[in-house]
1. Select the helices (runs of 4 or more DSSP H) contained entirely in the stretch 101-207, then report the ones holding at least 1 residues which are without any contact (Cβ under 8 Å) to a residue 60 or more places away in the chain, among the charged types (D, E, K, R) and open to solvent by less than 50 Å² (accessible area, probe 1.4 Å).
2. Give the residue, chosen from VAL63, VAL75, that is modelled with pLDDT of 90 or more and either part of a helix (DSSP H, G or I) or surrounded by 12 or more Cβ atoms within 10 Å (Cβ to Cβ) (or both).
3. I'd like the full set of residues that are surrounded by fewer than 16 Cβ atoms within 10 Å (Cβ to Cβ) and touching a residue at least 60 places away in the same chain (Cβ under 8 Å), limited to the stretch 224-246.
4. Quickly run through the stretch 208-217 and pick out the residues that are surrounded by fewer than 16 Cβ atoms within 10 Å (Cβ to Cβ) and either within 32 Å of the chain's Cα centre (by Cα) or assigned to a helix (DSSP H, G or I) (or both).
5. List the number of the failed condition for VAL221; all other conditions in (1) surrounded by 14 or more Cβ atoms within 10 Å (Cβ to Cβ); (2) out of contact with any helix residue (DSSP H, G or I) (no Cβ under 6 Å at 6 or more places or on another chain) hold.
6. Is it the case, given these coordinates, that GLY46 is at pLDDT below 80 and open to solvent by less than 80 Å² (accessible area, probe 1.4 Å)?
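The values are calculated or read from the model by the stated rules, or taken from the named source; none is laboratory data. Because the structure is predicted, anything quoted here is derived from the model rather than measured. Using ideal geometry, Cβ is built from the backbone for each residue, glycine included, and neighbour counts are taken over all protein chains shown. All accessible areas refer to the heavy atoms of the entire protein, side chains included, with ligands and DNA or RNA removed. Shrake-Rupley method; radii C 1.70, N 1.55, O 1.52, S 1.80 Å.
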Amino acid sequence: MAEHDSGTTDPAPIPAPPEPEPEPEPEPGAEAEPGVDPEPGSVAGGRRWSPVSRVVLGLAAVVLGCATAWHLAAVFLTVAPANTLSQRYQSQIDAYVYPEFEQNWELFAPNPLQFDIAVEVRVRTLRPDGDSLQSGWINLTAQDLARIRDNPAPSHADQNLLRRAWDYYTSWHDQSDGTSLGYGGPLSQEYLTRIALQRIGRDWNGNPVTDLQFRSASSPVTGPAWTGAPRTATTSYHQLSWWPVNADDYQGLGR
């Protein structure tokens, strides 16, 4: 303290606060400060998208949006009542929806299945000496079930291709004598034939296939034991006639 003649002391002067040091400029590549918007075309950390990258990302977003819109529209038109759009573009819609995105309500209504139906086939072959041999029955449905069982992501074709082909055939033929009921008859027969030949191939036990025959094995679905429902295990068979096989039936099958 400084003393004066008056006998009093004056307080020492208060020092001025130090001037703040200038903030260092951010180094290139440093992260942007919170609350500061990066420049257009850049991300945190100073990275900038090139014009080509932004064009590619934009095109990808457009393609993804169009694909999603087409998928939703096609599935909607499949289940919606017949209208101008669905009738005009029926072939394009069916080609996309079936068989992977089929919508089928048969499990719930109006007529739940009452039978387990297995589709079986057998073939005739021609030996080099001219004799004809006949194979045993091949359970095509059992092949599908083997690929589906214990498979966390089974193929939609394994689940529905053969079943729907058989339903298609029976809906276009008289079950008493096998007479075709319209234009869908020959197509449904060709469809079943090609499914079987796709699995069997051109020969059986080394001999070329000349004919094949289908049959269905229908077993009634019974209720659980606690319901008291009768447990009938009788299986009925519906056998079709023999169909000849020629080279045209293998066209496009890759076999």
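1. It comes to 140-148, 156-171.
2. Step by step, each of VAL63, VAL75 is checked, and only VAL63 is modelled with pLDDT of 90 or more and either part of a helix (DSSP H, G or I) or surrounded by 12 or more Cβ atoms within 10 Å (Cβ to Cβ) (or both).
3. Within the stretch 224-246, HIS238, SER241, TRP242 meet the criteria.
4. ARG215
5. If we test VAL221 against (1) surrounded by 14 or more Cβ atoms within 10 Å (Cβ to Cβ); (2) out of contact with any helix residue (DSSP H, G or I) (no Cβ under 6 Å at 6 or more places or on another chain), just (1) comes out false.
6. So GLY46 fits the description; yes.
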